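The values are calculated or read from the model by the stated rules, or taken from the named source; none is laboratory data. If you're wondering where the values come from, they're calculated on a predicted model, not measured in any experiment. Here the Cβ positions follow ideal geometry from the backbone for every residue, glycine too, while neighbour counts run over all protein chains shown.
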Amino acid sequence: MKIVDSNGVLEAYPTSSEEFNATELAKMINEDGTVNIDAEGITHDGELFWICTEGSVHQYHRRINFVFKIDSIGAILDVFTLPAALNQQQNKGLEGIAFGDGHIFVTMQKPLKDDTTSYPLVLRYNIAEEVWVDDGVYYPTDEPESQNYLYNTWEMGCFTYLNETTSRHLMLLSRESILSSRWRLPREKS
C-alpha cells in the first residue's frame, strides 16, 4: 500500500524554523502525493492503520517523529508528533507502535539525549482525546554486554500490545546497539 497525502493533511502540518521547517516538510511529499517516510512500526485499531516514523537529524535533512493515521487505501487522515520537548531530545527517534484500549503506544529507539536513566521511553497517546496521556514510562533494560564502548547500550526493536482477558501487557524486543546482533526476548510491562 502506498501512503498518500491525498487530503493535504501532511502538507498542512505546521512547521517552524526551530524544530522542522517548510523545506523539510516539502521533501517528504512527492508530486504524486506519496510520502517519503522512515516507517518504524505499524498497528491496526480494528478500522484504521497507525504508522510511526523515525525522526532524525542528518546533514541533508531534519525530520521529527511522526505518527500517521491511515485509512485502508493508504490516505493520510491525521498526523501528529511528540511534544516539542521530546522531539528536541531525540537520540534516534520512534522505533515501534502498538494499539490497545483506545491508546496508541510508541517507544523511542534509544534513551533521550539528556536522560540520566539510560532507558528508552514508552509513551501513550489517547486517540479519543487526541493528547499524550503522560510523560511516558522508562523501559528498564539489562546492562549491555557489548565490549564496544561506542555501542554499549540497548535499543528497542519490535513492539506489541497484548490484551488478555485478565491483564494487559506491552511486549518489547530489545537488542544491543547497532553493531550487535544479540536480541533479547520480550519483557512484560503491565
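Looking only at residues that are crowded, with 20+ Cβ neighbours inside 10 Å and hydroxyl-bearing (S, T, Y) in the stretch 39-73, which one is modelled with the highest pLDDT? By that ranking, first place goes to T43. Taking only the stretch 1-35 into account, find how many residues are polar (S, T, N, Q) and modelled with pLDDT of 90 or more. Residues meeting the conditions: 4. In the stretch 129-147, the condition of being touching a Gly at 6+ places or on another chain (Cβ under 8 Å), among the aliphatic types (A, V, I, L, M) and at pLDDT 80 or above is met by no residue.
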